[in-house]
Amino acid sequence: MEEVKNLEEIEVERFSAFDRFVHWLTAIPFVYLFLSGLGMYSPKFAWLLPLLGGKEFSAWLHKWAGVVFAVGVFLMFLRWAKDFVLDSDDIRWLSNVKHYIKGEEEKLPEVGKYNAGQKIFGWMVFLGGALFLITGIVMWFPESFSAKIVRLSILLHSLAFILVGAGFIVHVYMGTVGVPGSLSGIITGKVSALWAMHHHPKWFRQIMRRQ
């Protein structure tokens, strides 16, 4: 019991200052993109646009927020792509994801710094970010492209919005309510040793060996 209490009090670094900067450089504009995109995509959510500066302003800022988001995604790719490569343990983890949903992580393969779900979301952001950028440029300058390419870009942009948006909602939930203690990692850069040992045991042992 005393050992558990000690682990709760000990903090380990999960994300560096640069990691956190890149994360928020990407996340903050995406929140605006998500909300303004939702307002422009569906009349049911048009009420969001006045809250975001009005229809014309939000359409203008949506484009520039997309540029900042693209820069953030590029930096994330350079920083984390190598960490998001799926291995055999990740495949086993995914095939038994029901245990994760039930909170039975002890029945799953031990997880490193990121679990398979986080890795998949990372690739969704990388690929979705590239698709957002390419189709967004076409939609920004429609007169420079054929009508067929513009229509295809609008379709692909909308599909990417739905998929990445859904992943974003799950990501926010898991990073707050779903897995308590996760949020401090991306805010302060540190998590408790007990949290790390329980949710990412393979990674926890690696950092303990280094220390």
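For region 152-211, the alpha carbon convex hull comes to 116 Å³ per residue, rounded to a whole number. Normalised by the number of residues in region 61-152, what is the relative contact order in percent for Cα pairs under 8 Å and 6+ residues apart? Taking the mean separation of contacting Cα pairs over the length of region 61-152, I get 36 percent. Dipole of region 1-125 computed with +1 at Lys/Arg Cβ and -1 at Asp/Glu Cβ about the Cα centre; of 103, 17, 32, farthest Cα towards the positive end is 32. Per the Cα gyration tensor, region 94-211 maps to an equivalent ellipsoid with semi-axes of 38, 15, 12 Å, ordered largest to smallest. Tell me the carbon and sulfur percent of the accessible area for region 152-211, rounded to whole percent, probe radius 1.4 Å. C and S fraction of accessible area: 74 percent.
With the charge dipole of the chain set up from +1 on Lys and Arg Cβ and -1 on Asp and Glu Cβ about the Cα centre, the Cα lying farthest toward the positive end among the listed residues 171, 112, 69 is that of 69. Note on region 7-136: with neighbouring protein chains present and a 1.4 Å probe, carbon and sulfur make up 69 percent of its accessible heavy-atom surface. Under a Gaussian network description of the chain, with springs only between Cα atoms under 10 Å, the residue in 146, 192, 182 that fluctuates furthest is 146. A 1.4 Å probe run over the chain, with the rest of the protein chains in place, finds 60 Å² accessible per residue.
Before rounding to the nearest 500, sum -39500 (n - 2.57) across all DSSP H runs of length at least 4 in the chain and divide by the residue total; then give [θ] at 222 nm in deg cm²/dmol. Computed ellipticity for the chain at 222 nm equals -23000 deg cm²/dmol.
For the chain, the Cβ-based charge dipole about the Cα centre amounts to some 520 debye (Lys, Arg positive; Asp, Glu negative; other atoms uncharged).
Taking 21 Å as the limit for the C-alpha separation, the pairs 55/148; 82/113; 98/119; 107/202; 82/119; 82/102 exceed it in the case of 55/148; 82/102.
Relative to the 2.2 N^0.38 Å rule of thumb, region 1-139 has a C-alpha radius of gyration ratio of 1.34.
The values are calculated or read from the model by the stated rules, or taken from the named source; none is laboratory data. If you're wondering where the values come from, they're calculated on a predicted model, not measured in any experiment. Positions of Cβ are generated from backbone atoms using ideal geometry, with glycine treated the same way; all protein chains shown enter the neighbour counts. The accessibility values were calculated without ligands, DNA or RNA, using every heavy atom of the protein model including side chains. Shrake-Rupley method; radii C 1.70, N 1.55, O 1.52, S 1.80 Å.
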